[in-house]
Amino acid sequence: MAAINLGTPGPRTLAPRRRSRQIRVGKVLVGGDAPVSVQSMTTTPTTSIDATLQQIAELTASGCEIVRVAVPTQDDADVLHVIARKSQIPVIADIHFQPRYVFQAIDAGCAAVRVNPGNIRRFDDQVGAIAKAAQAAGVSLRIGVNAGSLEPSLLQKHGRATPEALVESAVWEASLFEEHDFHDFKISVKHNDPVTMVQAYRLLAERGDWPLHLGVTEAGPAFQGTIKSATAFGILLAEGIGDTIRVSLSAPPVEEIKVGMQILQSLGLRERRLEIVSCPSCGRAQVDVYALADAVTEGLKDVTVPLRVAVMGCVVNGPGEAREADLGVASGNGKGQIFVQGEVIKSVPEEEIVATLIEEARRIADERPDLPSGSPTVVTSGSTA
């Protein structure tokens with residue numbers, strides 16, 4: 001019988017994408033028919049130029065497409081021109097409190113500026129000048145409304161940071177920019193509660209065609225934050241809502257990119273890359289499935305081509321799952337049957353399963369150069385000039 005490739009499925013989505021206007025964040029298109037992009041934020045002090053650029057390089061190698069850097073002080077604003085010039089991906093300056101940093105970030109060559117209307121002093125009075133400067137420089141903006149920094153007047157009106165309060169803030173600020181004929185902005189209405197966040201984005205999506213940046217703010221430690229973000233993003237993206245995402249975790253930023261990419265791949269919004277299919281351990285398992293799956297995942301972590309690898313621990317579902325993957329193993333009785341493209345190619349002792357799977361996976365990857373692979377590029381500033 002001829003081998004049948006039933007491995008990595010083709011693109012599938014649950015609903016058509018909401019049609020939003022399209023903006024540009026440096027070289028990355030956001031909204032319209034552009035793919036949903038994945039963002040993160042550096043955790044280093046922005047004034048530590050080498051460390052910040054190193055982290056940006058690591059994020060870039062992990063698939064990050066847009067990176068945000070914090071600008072809480074004048075010293076941070078003063079080094080933006082170096083970071084914006086040397087970063088391999090577009091840099092967004094994250095501005096709070098001081099409106100003058102917005103103009104400095106635009107002059108520094110940042111691809112975009114995130115502004116928080118709730119805590120920038122006299123922000124509404126600055127909208128015309130910000131719009132003029134951004135338009136002249138070809139810089140886009142993000143109107144970033146957060147539950148934790150909502151305008152006091154809206155908190156008083158609504159009693160708390162309700163979905164309606166978040167949307168009212170965002171729509172008001174959007175209207176001010178549009179009065180100045182500036183439309184190159186996206187909007188976020190973040191909340192730490194996934195249900196409130198979903199409700200807010202649904203309301204916002206009905207009010208206009210702005211591109212939307214999805215985020216569950218202060219989502220928490222890695223496990224909790226992953227669950228909250230996956231829940232909220234899954235609901236909205238499955239409804240076609242969302243143009244760019246940032247998974248906010250109390251964890252290294254590279255972990256945010258891994259989670260974000262996996263969410264998009266799981267929803268069919270990105271081509272799947274490496275996918276490990278492994279069974280939950282149960283009484284039928286005759287090998288340590290946990291250890292096998294972890295070892296194979298670690299050994300193939302740098303593989304970037306679409307590849308589905310099944311690591312199965314018994315003879316009930318094992319052969320079927322292994323047969324439907326690009327590469328798989330069905331284990332039992334101290335050995336494993338290795339499947340490639342639906343066919344058994346060999347049987348190996350249990351202690352050789354991991355090495356065999358890694359070897360075969362790399363061989364398949366070399367024969368299927370769908371995507372380029374590479375390692376992080378380390379960029380140093382040399383000086384702050």
Practice task
Could you please tell me which pairs satisfy a Cβ distance under 8 Å, a separation of 6+ or placement on different chains, a first residue in segment 247-266 that is charged (D, E, K, R), and a second residue that is open to solvent by less than 10 Å² (accessible area, probe 1.4 Å)?
Solution key: E256/S40; E256/V247
Exercise for the section: Output the residues belonging to segment 134-189 that are under 22 Å from G26 (Cβ atoms) and basic (K, R). Expected result: R142, K186
Problem - In segment 148-176, the residues that are loosely packed, with under 15 Cβ neighbours inside 10 Å and of a type in the set (D, E, K, R) - result: K157, R160, E164
Practice task
Please identify the pairs in which a residue from segment 125-147 that is under 19 Å from I187 (Cβ atoms) has its Cβ atom under 7 Å from the Cβ atom of a residue that is part of a helix (DSSP H, G or I) and among the hydroxyl-bearing types (S, T, Y), counting only partners at least 6 apart or on another chain.
Solution key: V145/S169
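Looking only at segment 177-204, filter to residues that are of a type in the set (D, E, K, R), closer than 18 Å to S20 by Cα and assigned to a helix (DSSP H, G or I); which one of those is least open to solvent (accessible area, probe 1.4 Å)? Don't jump to the end; show me each part of the working.
Let us first name the residues in segment 177-204 that are of a type in the set (D, E, K, R), namely 178-179, 181, 184, 186, 190, 193, 202.
Subsequent filtering for residues that are closer than 18 Å to S20 by Cα retains 178, 181, 184, 186, 202.
Pick out the ones that are also assigned to a helix (DSSP H, G or I) and you get 178, 202.
On the way: E178: 57, R202: 97 Å².
So the residue we want is E178.
Rundown of residues vs (1) part of a helix (DSSP H, G or I); (2) open to solvent by 70 Å² or more (accessible area, probe 1.4 Å); (3) hydroxyl-bearing (S, T, Y); (4) modelled with pLDDT under 50, yes/no style:
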site: V348; (1), (2), (3), (4): no, no, no, no
site: V354; (1), (2), (3), (4): yes, no, no, no
site: E360; (1), (2), (3), (4): yes, no, no, no
site: R363; (1), (2), (3), (4): yes, yes, no, no
site: P372; (1), (2), (3), (4): no, yes, no, yes
site: V379; (1), (2), (3), (4): no, no, no, yes
site: T384; (1), (2), (3), (4): no, yes, yes, yes
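Would you check if L292 is among the hydrophobic types (A, V, I, L, M, F, W, C), under 20 Å from R142 (Cα atoms) and open to solvent by less than 60 Å² (accessible area, probe 1.4 Å)?
no
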Exercise for the section: Looking only at segment 41-48, decide whether some residue is part of a strand (DSSP E or B), at pLDDT 95 or above and of a type outside the set (G, A, S). Expected result: yes
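From E343, E298, grab the single residue that is open to solvent by 10 Å² or more (accessible area, probe 1.4 Å), acidic (D, E) and either under 28 Å from the mean Cα position of the chain (by Cα) or at pLDDT below 90 (or both).
Values: E343 fails: either under 28 Å from the mean Cα position of the chain (by Cα) or at pLDDT below 90 (or both).
Only one candidate passes the filter, namely E298.
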Fill in the blank from the handout: Scanning segment 89-107 residue by residue, the ones that are buried (at least 22 other Cβ atoms within 10 Å of the Cβ) and either over 25 Å from the mean Cα position of the chain (by Cα) or polar (S, T, N, Q) (or both) total 1
Exercise for the section: Could you tell me which of the residues G26, G10, G63 is of a type outside the set (S, T, N, Q), touching a Ser or Thr at 6+ places or on another chain (Cβ under 9 Å) and modelled with pLDDT under 95? Expected result: G63
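The values are calculated or read from the model by the stated rules, or taken from the named source; none is laboratory data. Worth saying up front: this structure is predicted, and the values here are computed from it rather than measured. Ideal geometry is used to build each Cβ from the backbone, glycine not excepted, and the neighbour counts take in all protein chains shown. Just so you know, the surface numbers come from the protein's heavy atoms only, side chains and all, with ligands and any DNA or RNA stripped out. Shrake-Rupley method; radii C 1.70, N 1.55, O 1.52, S 1.80 Å.
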